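Shown next, in structure tokens, is the structure this report addresses.
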Amino acid sequence: MIEDITIVGGYDKNGDKEPVEEITIKKGEIFGVVGPTGSGKSSLIGDIEQLAQEDTFSKRKILVNGEEPTYEDRTNPRKKMVAQLSQNMNFLADMSVGDFLNLHAKCRGASQVCVNKVVNLANTLTGEPIKQEHDLTILSGGQSRALMVADVAIISDSPIVLIDEIENAGIRKHDALEVLAGHGKIVMVVTHDPVLALMTDKRIVMKKGGMQQVVSTTPEEKALSQKLNKIDEVMLSLRDQVRNGEVIGNIKMEDFGIQ
Amino acid sequence: MRMVIVAGTPGSGKTAVLVHALRSLNERNLKSSVVKIDCLYTDDDQKFAKIGVPTRIGLSMDMCPDHYAIYNLEDMISWAQENESDFLVVETAGLCHRCAPFTMNSLGVCVIDATSGPNTPLKVGPFLSTSDIAVITKGDMISQAEREIFRERILEVNPNCKIIEANGLSGQGCIELAEEMLLSEDVSLDEEKLRHSAPLAVCTLCVGETKVNKKYHRGILRRIDGFQSYQGE
């Protein structure tokens, strides 16, 4: 049972010690990772995915329940404690959706029953439905992303969930986050989107490859997050209307929850 | 002399991974000498020169590059000894997927590109199936699910290998490869044997025949229907 993970800081791109020396994330917490592009957000997520033991270039060390994970824990996908949704939007494997999911379920030691569930869940997140007999490589960006989200949520069901930039995906990001985060998990979300960043409990600010500081979300920010959410919902429904060929009338600022 | 033989498809990141691993050995005051085998051209020696590792190029020209590498191992070892190196690292060209120039007591490293698709491990043959270590590169370009399937496929082909997921750009995982190199043992060539026999290549094409028509060919020949025979005197 995983209660918490600890990131022990290493070095930034200049070889200087990271300002954040140690940070622990507990079960049930959602952490954001923010910072400009190239600041090392994906590398931080990569270190956690590999449960780095001072063996990556950041020299960070990841502890699980305060202890070093075993080599087996780090590498065997059947034991894997981490599910990761990376930035990669496309599949390269030349096989059908069904075959791919079956193979992945086998790797993770998950039941084959999962395959139907994954496809059904993916279809709640994206526009045009995905079928099991479709070739992976012909899926659109949004379909691929939805399938990856559903695969991570169901087949890679792990106590630690890492999400790298869900917002660029053309899918319903809040629904996706809800599906992925589940209950009682440790969740980290890399994001540039203030709506998502303010939904988290704390956020790690990255700079030059190092963890610069940890900011706790204030009650004001939580309240603001609610408002931003409303704006986002309006934007989403407008997007759907445009997609469906409707003509948009005027919108009122009250729809945004702003006086 | 410890000997590390690195094979892998062209463009899989053999050189990039090695540069990071050898730099890590340098930091521990361990010296390596690199021989880069290629067929017609390579400028990889400059990449090794940048980290101060003595490098020699071997261009096999008309000879099969793996046969060429095996034939020249003795000279490579004496050259590495002259350099007072702890490791001789041989990077092969790795083209036909049928040879595996690993010897029994060398450390056999196969570098394989995760973006080449999950069927690749089934295609590449002995340089994967007889390796000690499979280094998977470019894993950051595919999803975790695809990475896990790729890994499983490698283990189907070589259940006993150690898998290292590495990134040739950032160097992630390359320190782990350096650690494995440290565990390797000294090799003396007197009794050393290949792990896997090299394929037959004894026919008129080997000695320069350019005519395509079947009647011009002699030697040990295999037909597309699988029938193999010796044609000739």
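Please say if chain A is rounded, prolate or oblate, where rounded means a/c under 1.5 for a ≥ b ≥ c the square roots of the C-alpha gyration tensor eigenvalues, and otherwise the choice is prolate for a/b larger than b/c and oblate otherwise?
Cα axes put chain A in the oblate bin.
Counting other C-beta atoms within 10 Å, and keeping those with at most 15, which DSSP coil trypsin sites (Lys or Arg not before Pro) do you find in the stretch B:11-81?
B:R28
Grab the DSSP H runs of the protein assembly as shown that are 4 residues or longer, score each as -39,500 (n - 2.57), total them, divide by all residues and round the 222 nm result to the nearest 500 deg cm²/dmol.
-9500 deg cm²/dmol
Using a 10 Å cut-off around each Cβ, can you sort B:Y68, A:Y11 from fewest to most neighbouring Cβ atoms?
Going from sparsest to densest Cβ surroundings: A:Y11, B:Y68.
Distance cut-off 27 Å, Cα to Cα: go down the list A:K17/A:K80; B:K36/B:K215; A:K26/A:K173; A:K131/B:K14; A:K61/A:K207; A:K17/A:K79 and report the pairs above it.
Beyond 27 Å between Cα atoms: A:K17/A:K80; B:K36/B:K215; A:K131/B:K14; A:K17/A:K79.
Measure nothing fancy, just the Cα-based angle from helix B:144-157's long axis to the longest principal axis of chain B, in degrees from 0 to 90, nearest 10.
Value to nearest ten degrees: 60.
Magnitude of the Cβ-charge dipole of chain B, K/R +1 and D/E -1, about the Cα centre, nearest 20 debye?
Dipole of chain B, to the nearest 20 debye: 920 debye.
Please report, in whole Å³, the volume per residue of the convex hull around the C-alpha atoms of chain B.
For chain B, the hull spanned by Cα atoms encloses 144 Å³ per residue.
For B:L182 and A:K106, what is the calculated FRET efficiency with R₀ set at 45 Å and r taken between the beta-carbons, to the nearest 0.05?
Taking R0 as 45 Å, the efficiency between B:L182 and A:K106 is 0.85.
So between B:E192 and B:N119, what do we pick up on full extension, going 0.36 nm a residue minus the alpha carbon distance?
That pair, B:E192 and B:N119, stretches by 23.0 nm at full extension.
DSSP loop (so not H, G, I, E, B), at most 12 other Cβ within 10 Å: list which trypsin sites (Lys or Arg not before Pro) in the stretch B:163-233 pass both filters.
Here the trypsin sites (Lys or Arg not before Pro) that fit, given the DSSP loop and packing criteria, are B:K193, B:K211, B:R223.
With charges only on Cβ, +1 for K and R and -1 for D and E, what is the dipole size of the stretch A:219-259 about its Cα centre, in debye, rounded to 20?
40
Loop sites only, by DSSP: take the GluC sites (Glu not before Pro) in chain A that have at most 11 other C-beta atoms within 10 Å and name the longest stretch containing none of them.
My reading of the result: A:134-245 is the longest stretch.
Report the far tail of the P(r) of the protein assembly as shown, meaning the percent of Cα-Cα pairs longer than 32 Å.
Above the 32 Å cut-off, the protein assembly as shown has 50 percent of its Cα pairs.
Alpha carbon centre of the stretch B:194-218 versus the stretch A:71-136: separation in Å?
Taking the Cα centre of the stretch A:71-136 as reference, the centre of the stretch B:194-218 is 45 Å away.
How long are the three semi-axes of the equivalent ellipsoid of the stretch A:163-243, in whole Å, if each is the root of 5 times an eigenvalue of the C-alpha gyration tensor, listed from largest down?
24, 15, 13
GNM, chain B, Cα, under 10 Å: largest mean-square fluctuation among B:D38, B:D190, B:D140?
Per the Cα network of chain B with a 10 Å cutoff, B:D190 tops the list.
Per residue of the stretch A:220-234, what does 6.51 cos²θ - 1.76 cosθ + 1.60 with θ = phi - 60° give for ³J(HN,Hα)? Whole Hz please, x for Gly and Pro, Karplus curve as stated.
Couplings: 4, 5, 4, 5, 4, 4, 4, 5, 4, 4, 5, 4, 4, 5, 4 Hz.
With springs connecting C-alpha atoms under 10 Å apart, model chain B as a Gaussian network and identify which of B:Y216, B:Y41, B:Y71 has the largest mean-square fluctuation.
B:Y216
Say R0 is 35 Å: what FRET efficiency, to the nearest 0.05, do B:N83 and B:E156 get from their beta-carbon distance?
0.35
Which FRET efficiency, nearest 0.05, do B:T210 and B:D75 yield, Cβ-Cβ r, R0 35 Å?
For B:T210 and B:D75, the calculated efficiency is 0.65.
Could you give the nm distance between label points at A:K202 and A:D16, where each point is 7 Å from its Cα heading toward the beta carbon?
2.2
What are the GluC sites (Glu not before Pro) within the stretch B:26-97 that DSSP puts in a loop, where the Cβ has at most 15 other Cβ atoms within 10 Å?
Here the sparse-neighbourhood loop sites are B:E84.
Place a point 7 Å from the Cα of A:Q132 along the Cα-to-Cβ direction; which residues of the stretch A:65-100 have their backbone N under 14 Å from it?
A:96-100
What residue among A:I45, A:I23, A:I163 shows peak mean-square fluctuation when chain A is described by a Gaussian network model with Cα springs under 10 Å?
Per the Cα network of chain A with a 10 Å cutoff, A:I23 tops the list.
Read-outs: derived from the displayed coordinates by stated rules, not from any lab. Quick caveat: nothing in here was measured; it's all calculated off a predicted structure. Glycine gets a Cβ as well: all are built from the backbone with ideal geometry, and neighbour counts include every protein chain shown.
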